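Let me begin by presenting the structure, written as structure tokens, before commenting on it.
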């Protein structure tokens, strides 16, 4: 259940990108307004709400519930995210969820010059007032994070993706993040992090690959899954237009193995790719396991008691 | 068991003996001045081993290996293990592994890994039948008598459900479905 946190500089189009992204992904957008209007009233009276708007330090005061306002927001966010994905806009969410395996932490920035120009246009301010406005808002953002979480708001290590909107528009930025979020479902860092035995867990693209890996394991043969991609066709500008990643590599035998257990109409295409690979990378050992061979291999190991004669 | 399932003779006893003798003479020439440990993988290659080694004049020792696949509850494909390991030490010695059939090469790779771990001076492979079109791994077969026909065969050590090993020839066999 991937979710996003978005931190932005004022004038970076971060708010607009977050709004459009929420629509594209059909996710709720949790903003400062949601917190102030819906979550803080649960524990803050009118005066406290006023003070919270004025001073970041007030978030560290104890509420009548016995916990700080900052902790209340943190608990509410964690509870919300545990039930459904969302886009969390600001609120120090990049720090609250810094270790969350399914969080995508985005920072949206722009150059001072571009931001100033946008503020001048949007708020109809002259240059000096626009610059002053940005200086104050940046300082407020920075102070909120440093006061409550003792972190530097601009620390790039807090973010997984940083978008510079000097060259990226609202639609483009939202589309980029939407694409990443959708694909993140299949390539999460959690899945790629080392397991307890120190090896990265493998995510096979097809069940037959997992079955074949089982056969190799049965014979105690070391293997690697898709360890290398061979470019096999380029356009006139030298861009790779076709590449081939064999399924398995057996280092001890310096052999790549490609399974073709899918629809047979793709087999001839794969054969051509393998031939091309052999021409371009002479000396590369690569063997194809065709559909029928693969199933007879499985059948052999499923029903045979003795391995001799056929192996 | 259906005796009528034994079909056409693919390699006659005479053809086998002639080819085995030729292969033996080549091996004998290659290993002149050296001592050899010949290892047979049970059970399919024991007739082949017996005939082949009788054409060798070099000093040699003979040993046997046997492997088997065991079902494993934690792994649906099971696990392959040696049920009989070598009695002789092969460290620093020239080794000739005698196989009945080499197909995918998976079994051979498993055995070669095991033998290489003992650090022999050299390791070569001799197979009665070779099926290179079925090969998955890049393994060089140093000596080969025949290419495997495109059908299931029995005889001269090769079995179907432990029968027909004692046939002096290699014949096609129609397996029961």
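Since every read-out is calculated from the coordinates, none of them should be taken as a lab result. Worth saying up front: this structure is predicted, and the values here are computed from it rather than measured. Every residue, glycine as well, gets a Cβ built from its backbone with ideal geometry; the counts of neighbours run over all protein chains shown.
Brief remarks on what is shown
- Normalised contact order of chain B, rounded percent, pairs of Cα under 8 Å and 6 or more residues apart: 25 percent
- Calculated FRET efficiency for the pair residue A:167/residue A:128, C-beta based, R₀ 41 Å, to 0.05: 0.95
- Of A:238, A:160, A:14, the one that fluctuates the most in a GNM where chain A has Cα springs shorter than 10 Å: A:238
- Exposure proxy ranking for A:220, B:55, based on other Cβ atoms within 10 angstrom of each Cβ and starting from the fewest, stands as A:220, B:55.
- Computed label-point distance, nm, for sites residue A:142 and residue A:224 using a 7 Å Cα→Cβ extension: 4.5 nm
- Viscosity 0.692 mPa s, 37 °C: Kirkwood-radius Stokes-Einstein D of the stretch A:13-75 over Cα pairs, µm²/s: 255 µm²/s
- From its DSSP helices (H runs of at least four residues, each -39,500 (n - 2.57)), the protein assembly as shown gives a residue-normalised ellipticity at 222 nm of -11000 deg cm²/dmol.
- Averaging over all projection directions, the Cα-based convex hull of the stretch B:105-152 occupies 3.7 nm² in the image plane.
- Top of A:299, A:172, A:42 by mean-square fluctuation, Gaussian network on chain A, Cα under 10 Å: A:299
- Least to most buried among B:159, B:63 (fewest other Cβ within 10 Å first): B:63, B:159
- Centre separation in Å (Cα based) which lies between the stretch A:213-279 and the stretch B:1-74: 35 Å
- Shape call, the stretch B:1-136: gyration tensor on alpha carbons, a/c limit 1.5: oblate
- The stretch B:11-153: antiparallel DSSP beta bridges as a percent of all, rounded to 5: 20 percent
- For the stretch B:27-106, the fraction of alpha-carbon pairs in successive 10 Å shells from zero, as %: 16, 42, 29, 10, 3
- Put in line by how crowded their Cβ is, counting other Cβ atoms within 10 Å and starting with the fewest, B:9, B:90, A:6, B:170 read B:9, B:90, B:170, A:6.
- Length gained on full extension, residue A:51 to residue A:266, computed as 0.36 nm times the residue gap minus the Cα-Cα distance: 70.8 nm.
- Kirkwood Rh, Cα atoms: Rg over Rh of the stretch B:91-177: 1.02
- Max mean-square fluctuation residue, GNM over chain B, Cα-Cα springs under 10 Å, options B:99, B:22, B:162: B:162
- Volume per residue for the protein assembly as shown equals 233 cubic angstrom (convex hull of Cα atoms).
- Tensor-based shape of the stretch A:32-176 (alpha-carbon gyration tensor, a/c under 1.5 rounded, otherwise prolate or oblate): oblate
- With both residues required to sit in chain A, DSSP beta bridges show an antiparallel share near 30%.
- Mean silhouette area of the stretch A:1-115, derived from the convex hull of its C-alpha atoms and averaged over all directions, reads 7.8 nm².
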